Amino acid sequence: MNGRVIWTRPPLRRVSRANPCPICGRDSWCGYTEDGLVLCVRNLGDTVPTTPARFRGISRNQAGIWLLEGLGPTPPRRVSGPKPKPKKEEKPLPPPEEVDAELARVLDRLDLSPEEEAALSRRGFPPPIARELGYRSYEEERWPKRGKLPIWLPRGAGWVLAAPAGLLIPFRDQEGRLVGLQVRPRDQSGNKGKYRQVSAGGFPASVHVSRLGEGSPRVWITEGALKADIASLYTGERFIGLPGVSSFRGLEEALKGLRPQKVVLAFDADYGDNPHVRRSLQHLSEMLSLSGWRVRWAVWEKSLGKGIDDVLTEGHGGQVRIQASPPFAR
């Protein structure tokens with residue numbers, strides 16, 4: 001079954017801790033009906049589920065459709081079968097207040113170099129505002145002691161951040177607390193990406209919530225904390241920056257804390273050239289809709305700029321259209 005899904009079944013219900021998804025075992029984003037249909041956004045038929053289910057195809061929004069074998073009008077929590085293998089436990093991080101305090105101490109020691117100031121200015125991001133928001137340059141300085149977070153590596157008689165020299169970008173949660181750091185290395189050689197999470201292992205990337213635009217009725221979602229902060233500065237509205245186009249850790253908590261009336265997806269205009277990006281956006285839209293958020297899409301012509309920050313800094317914000325249907329809908 002490929003193409004449009006004609007819904008003739010009972011209402012779709014959201015999964016929860018009491019009723020987790022019987023396909024992937026998670027308690028968020030997916031949905032199910034009481035007669036056994038499951039929309040799992042994490043399993044599209046490429047792996048065998050742990051429950052007795054038959055793969056039925058792909059929905060219009062790219063969620064995997066499964067029909068549970070022999071299931072009558074009962075919720076998925078009553079499906080028998082082996083439980084998914086537990087994931088390897090990671091060492092728990094300190095409380096959010098301690099994470100914030102340690103990262104703040106790192107940033108307090110550093111400043112912005114003329115090189116990074118010039119780069120930010122070229123992107124339309126005034127260095128004084130960037131500095132106030134916590135942007136810093138990292139020159140591989142050494143610390144005599146390490147902190148509790150898994151962001152340190154030994155070097156000589158001291159410790160350095162697990163990051164190359166470059167621009168440090170702060171990531172914050174909906175309460176303004178620091179939750180992580182990202183670096184844009186000055187040396188862009190190799191295939192490690194333009195941006196890297198500052199981590200020595202065991203410090204997963206979370207979404208970033210801009211400090212600007214507090215109280216706006218809409219929340220925009222884009223890829224990248226720097227892009228989110230620049231766009232928030234030019235629109236006066238709240239932005240959430242994903243660490244990657246398919247990285248959603250902390251997104252649900254951020255939206256629950258902000259409680260926007262609408263969620264606007266504003267991703268780079270070249271999504272059509274990258275099937276992976278397009279598929280990730282379809283998953284994100286499906287997850288948000290299943291969680292009850294009113295999803296809208298920001299659309300603009302490629303000639304105006306690649307990212308939403310490019311469009312805004314070039315003065316083309318008035319040509320950004322907000323629409324209910326995804327730009328790649330058939």
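The numbers here are math on the coordinates, done by the rules we state, and not lab data. In this text, all values refer to a predicted model and were calculated from it rather than measured experimentally. Methodologically, a virtual Cβ is constructed for each residue, glycine included, from the backbone with ideal geometry; neighbour enumeration extends over all protein chains shown.
What ranking do 287-298, 200-211, 113-124, 216-227 get when scored by the average of other Cβ atoms within 10 Å per residue, highest first?
216-227, 200-211, 287-298, 113-124
Mind checking the full-extension length gain between residue 261 and residue 18? Use 0.36 nm per residue of separation minus the Cα-Cα distance, one decimal, nm.
Length gained between residue 261 and residue 18: 84.8 nm.
Taking N as the number of residues in segment 208-323, what is its Cα Rg relative to 2.2 N^0.38 Å?
0.97
For the modelled label position 7 Å from the Cα of residue 328 along Cα-to-Cβ, which residues of segment 239-282 have backbone nitrogen atoms closer than 12 Å?
Output list for this probe position: 246, 267-282.
Amide H neighbours of residue 203 under 5 Å, at least 5 residues apart or on other chains, H built in the peptide plane: list them.
Amide H neighbours of residue 203, under 5 Å, 5+ apart: none.
So if each residue of separation counts as 0.36 nm, and I subtract the Cα-Cα distance between residue 314 and residue 142, what length gain in nm does that give?
58.0 nm
How do 155-164, 241-250 rank on mean C-beta neighbours within 10 Å, highest first?
In descending order of packing, they fall as 241-250, 155-164.
Multiply the residue separation of residue 276 and residue 131 by 0.36 nm, subtract the distance between their alpha-carbon atoms, and state the gained length in nm to one decimal.
Taking residue 276 through residue 131 to full extension adds about 48.8 nm, to one decimal.
Of the cross-linked pairs 192/227; 91/145; 148/192; 91/262, which ones have a Cα-Cα span greater than 30 Å in the structure shown?
Pairs exceeding the cut-off: 91/262.
Along the Cα→Cβ direction, 7 angstrom out, place labels at residue 121 and residue 191. What is the inter-label distance in nm?
3.7 nm
Antiparallel versus total DSSP beta bridges in segment 208-323: what percent is that, nearest 5?
30 percent
Starting from the exponent 0.38 and prefactor 2.2 Å, build the expected Rg for segment 113-182 from its residue count and divide its actual Cα Rg by it.
Against the compact-globule rule of thumb, the ratio is 1.23.
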